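What follows is a single structure, written as structure tokens, with notes after it.
The values are calculated or read from the model by the stated rules, or taken from the named source; none is laboratory data. If you're wondering where the values come from, they're calculated on a predicted model, not measured in any experiment. Positions of Cβ are backbone-derived with ideal geometry, glycine not excepted, and every protein chain shown enters the neighbour counts.
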Amino acid sequence: MAFQVLARMTGLRGTAFDVFGRTEERRTERALITEYRARIRHELVTLSADTLDRALAVARIPEKIRGFGHVKHANIEAARREWSKLQGETAGAHGHDTGDAMPQRHAA
């Protein structure tokens, strides 16, 4: 019965009436979208034949973020570490930072 009620409320997702949208996990998910877009923009600015493999690796990282609760949190932290490592390769490959700062991550 409870799931039927929740199923009927899917139209509320993303609105002010979305009771689950204010949870820490949902706020973190929305912050991840912003981070991902910034990282992809950063990769596109520096994209070349030499950086294609790294750009693809950056783009694939979200595929590893799965689960719920503490499992998802651990996967998010691992993804952020991998993104940071790859970002370091960007700076090293060009001998300098491109100045495209990644957004601050949402406190989880």
Mind checking whether some residue in the range 45-52 is under 17 Å from residue 84 (Cβ atoms) and over 17 Å from the mean Cα position of the chain (by Cα)?
-> yes
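Of all residues in the range 1-24, which are in a helix (DSSP H, G or I) and of a type outside the set (Gly, Ala, Ser)?
Step one: filter the range 1-24 for residues in a helix (DSSP H, G or I), giving 2-8, 10-12, 24.
Within the range 1-24, 3, 4, 5, 6, 8, 10, 12, 24 qualify.
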Filtering the range 25-42 down to residues that are free of Cβ contacts under 8 Å to residues at least 60 places away in the same chain and of a type in the set (Val, Ile, Thr) yields 33, 40
Identify, by number, the condition in (1) surrounded by 14 or more Cβ atoms within 10 Å (Cβ to Cβ); (2) under 22 Å from residue 13 (Cβ atoms) that residue 24 doesn't meet.
-> (1)
Selection from the range 61-74 of residues that are surrounded by 11 or more Cβ atoms within 10 Å (Cβ to Cβ) and within 11 Å of the chain's Cα centre (by Cα) = 61, 62, 64, 65
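A quick yes/no check of all residues on (1) out of contact with any Ser or Thr (no Cβ under 9 Å at 6 or more places or on another chain); (2) β-branched (Val, Ile, Thr); (3) under 30 Å from residue 5 (Cβ atoms):
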residue	(1), (2), (3)
26	yes, no, yes
33	yes, yes, yes
39	yes, no, no
45	no, yes, no
55	no, no, no
61	yes, yes, no
67	yes, no, yes
Might you check whether a residue that is modelled with pLDDT of 80 or more and touching a Phe, Trp or Tyr at 6+ places or on another chain (Cβ under 7 Å) occurs anywhere in the range 88-107?
-> no
